[in-house]
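Working notes for the structure below.
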């Protein structure tokens, strides 16, 4: 997909992987809409990204709010062609904590943001992709849209204490193929990116013990954490290659996380 003048929505676009993706999409000529929870940060990012960029304050777990946000995007910016889902949180902790059961609410919140927030945005973006292609009278083989979901290598080899995060990202990875199969007739591709250890506000903001465990895992090469710009490079590569579809791409330098350190 040539993203020039296309509308690209990035959830979690005010920081980390989402922000890097927004920067790369703006540089490629897309009209980017940044969705995030912090009004002040969203405003700052939109100002920094410059002309053609918009932003909305949004909690991706709220169904009515997400519906309204996407309706406003279509009305004021245009129908969505690209959706990059990067909104996510991590709340590490064991199921049993000091002999007590973990609060179920802690698990539910991670799943709500990472998994339900992802499908919440997808369900609102897809009709716009379909309708825009139909309204334009495009041919059946014309690409209508691309959806890229941020998963994690925790979906495949989550460490001890990552049950909630691994479950949420496993769900994100698991729905890529069935969605690609469902939406292929409409000219929509669906992919996932499963980053390894990346330096982002989320990982750097973990509790010290959890942060030390995460960053102690070093890939064979390059022997360092990933950088958000490298995630964004893959986003652009996916957009540019129409045969990439229904796949979750590990972006981890061949890292495989041990059960514990």
Query raised in the report: Among 113, 9, 96, what is the fewest-to-most ranking by other Cβ atoms within 10 Å?
Result: 96, 113, 9
Query raised in the report: Is segment 195-261 best put as rounded, prolate or oblate by its Cα gyration tensor, with a ≥ b ≥ c the root eigenvalues, rounded for a/c under 1.5, and otherwise prolate when a/b is larger than b/c, oblate when not?
Result: prolate
Report summary line: Full extension between residue 101 and residue 48 adds, at 0.36 nm per residue less the Cα distance, a length in nm of 14.6 nm
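If we count other beta carbons within 10 Å of each Cβ, what is the order of 212, 141, fewest first?
Fewest-to-most ranking of 212, 141: 141, 212.
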**Report entry** Whole-Å semi-axes of the ellipsoid equivalent to the chain (Cα gyration tensor, √5λ, descending)
**Finding:** 30, 19, 18
Query raised in the report: Taking Cα centroids, how far is segment 76-124 from segment 185-220 in Å?
Result: 14
Requested in this report: With everything on Cα atoms, drop me the angle between helix 16-27 and the longest principal axis of the chain, reported from 0 to 90° to the nearest 10.
Outcome: 30
Requested in this report: Could you state the angle between the C-alpha long axis of helix 63-76 and the longest principal axis of the C-alpha atoms of the chain, as a value from 0 to 90 degrees rounded to the nearest 10?
Outcome: 40
Report task. Could you tell me what percent of the DSSP beta bridges with both partners in segment 62-220 are antiparallel, to the nearest 5? Result -> 15
Query raised in the report: Going by alpha carbons, how many degrees (0 to 90, nearest 10) lie between the helix axis of 117-135 and the longest principal axis of the chain?
Result: 20
Report summary line: Fewest-first ordering of 10, 126, 32 by Cβ atoms within 10 Å yields 126, 32, 10
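Just so you know, all these numbers are worked out from the coordinates, no wet-lab data involved. Here the structure is a predicted model, which is why all the values come from computation and not from measurement. Quick reminder, even Gly has a Cβ in these numbers, built from the backbone with ideal geometry, and neighbours come from all protein chains shown.
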